[in-house]
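The values are calculated or read from the model by the stated rules, or taken from the named source; none is laboratory data. For clarity, every value in this text was computed on a predicted model and none was experimentally measured. FYI the Cβ positions are ideal-geometry reconstructions off the backbone, even for glycines, and counts take in every protein chain you see. The accessibility values were calculated without ligands, DNA or RNA, using every heavy atom of the protein model including side chains. Shrake-Rupley method; radii C 1.70, N 1.55, O 1.52, S 1.80 Å.
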Amino acid sequence: MSIAGGGIIGCAAAYHLAKEGVQVLVLEGSENIGNGGSTRNGGGVRQSGRDPRELPLAMYAIQHLWKNLSEMLDTDVEYYQHGNLRLGSTEKHRDILTGLTERGVKCGLDVRMIDGDEARQINPFLSEEVTCASWCPTDGHANPLMATMGYYKMARRLGAHFISGEQVTEIRKIKGAARQVVTASGNVYEGEKIIVAAGYESRFIASTVGIDIPMQPVLLETLVTEAVSPMFWQMLGTADADFYGHQTTHGSFVFGLNSGYEPYAKLGKPLSSSIASSAACRGIMHYFPSLSEIKIVRSWAGWMDSCADHVPVISTVEEVPGLILACGFTGHGFGISPAVGLLLSQLAMEQEPVLDLQAFRYDRFA
């Protein structure tokens, strides 16, 4: 079994496969495991605000996997289940949040609209600017680096093999089925199944066997503050999605945003911008004035693979037997990664998946 991509999706799939005794080889193009979005995101483990097609994956992960993940991986993934406040200050925000809330309720999610006073009861650091919010008490957050490394280390302990610095450039078919993975170094690896979970690069890899996944790269930026005493543990977001974040175990706040600077950034190693960070800080201080004096200690930028309909592709491929796709997560992949890793292992072992994956078919764009 070969997996292209050593992010949290690839590592989670490798863990579940190795746990079942399957021989697994994971090829990561960069020198470091989880070097893409898997260790560079806001850490949200949320159900609220998701597309109804994606919500069952998030709900399953939270109900069955996240609560035991630290024990399962023998790594503290710093999982907190203290709810998610998505904040608003205008009537337009209220309309947005109401629509998201109603869609979640229809899918069986415990989420509701609250006014500004109730939001401040939950989080007393909120400003008077907050007039409404959606509240999902079963949402939370975790540490992306620790979760990714936990899956990686446990997969290795169970026998999975990882090679970093091996960028997959091509898939080759033998008798019509995907059987070989070719890397930039010229090496060729064989496997009965090939899982492609390489972020935006998945589009180019799949195209070598004639499969196109409509994705575009979107630039995300993140900033981290100095450590301060514990203030609150909710996951935060806004109706306009202009920032999201939380306070970490060691005290720093991590906030993320989409800068909109895609036309001006290089695909390789994008740089964070002072303009985007400043804009995010203004939004944060609008809702949390008590954070105004906290210093930012670092920031970074990275690419996410945004799918055309903002829902991932998790799918076998009829035209290319043996090929399994896991990409286009559109910045929503971390929270559902435990469920996706399990589902990919079930697809690879030709077992019945625990969830219906019809909505994530690669050919839904046809």
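Tabulated data for the structure shown
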{"quantity": "Per-region count, the stretch 68-87, residues open to solvent by 50 Å² or more (accessible area, probe 1.4 Å), polar (S, T, N, Q) and touching a strand residue (DSSP E or B) at 6+ places or on another chain (Cβ under 9 Å)", "calculated": "1"}
{"quantity": "Checking residue 162 against (1) in contact with a strand residue (DSSP E or B) (Cβ under 9 Å, 6 or more places away or on another chain); (2) in a loop (DSSP other than H, G, I, E, B), the condition it does not meet", "calculated": "(2)"}
{"quantity": "Qualifying residue in the stretch 184-197 (condition: of a type in the set (S, T, N, Q), under 18 Å from residue 315 (Cα atoms) and either modelled with pLDDT under 95 or not in a helix (DSSP H, G or I) (or both))", "calculated": "no"}
{"quantity": "Search result, residues across the stretch 313-348 that are assigned to a loop (DSSP other than H, G, I, E, B) and open to solvent by less than 20 Å² (accessible area, probe 1.4 Å)", "calculated": "317, 320, 322, 328, 329, 330"}
{"quantity": "Members of the stretch 273-312 found to be outside any strand (DSSP E or B), touching a residue at least 60 places away in the same chain (Cβ under 8 Å) and either at positive phi or open to solvent by less than 20 Å² (accessible area, probe 1.4 Å) (or both), listed by number", "calculated": "287, 288, 291, 310, 311, 312"}
{"quantity": "Positions within the stretch 216-235 being part of a strand (DSSP E or B) and either touching a helix residue (DSSP H, G or I) at 6+ places or on another chain (Cβ under 6 Å) or closer than 27 Å to residue 138 by Cβ (or both), in sequence order", "calculated": "219, 220, 221, 222, 223, 224, 225, 235"}
{"quantity": "Within the stretch 34-47, considering residues that are in contact with a helix residue (DSSP H, G or I) (Cβ under 6 Å, 6 or more places away or on another chain) and either of a type in the set (S, T, N, Q) or modelled with pLDDT of 90 or more (or both), the one surrounded by the fewest Cβ atoms within 10 Å (Cβ to Cβ)", "calculated": "39"}
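Results for (1) small (Gly, Ala, Ser); (2) surrounded by 14 or more Cβ atoms within 10 Å (Cβ to Cβ); (3) under 20 Å from residue 307 (Cβ atoms), shown as yes or no for each residue.
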position	(1), (2), (3)
167	no, yes, no
176	yes, no, no
183	no, yes, no
187	no, no, no
205	no, yes, yes
216	no, yes, yes
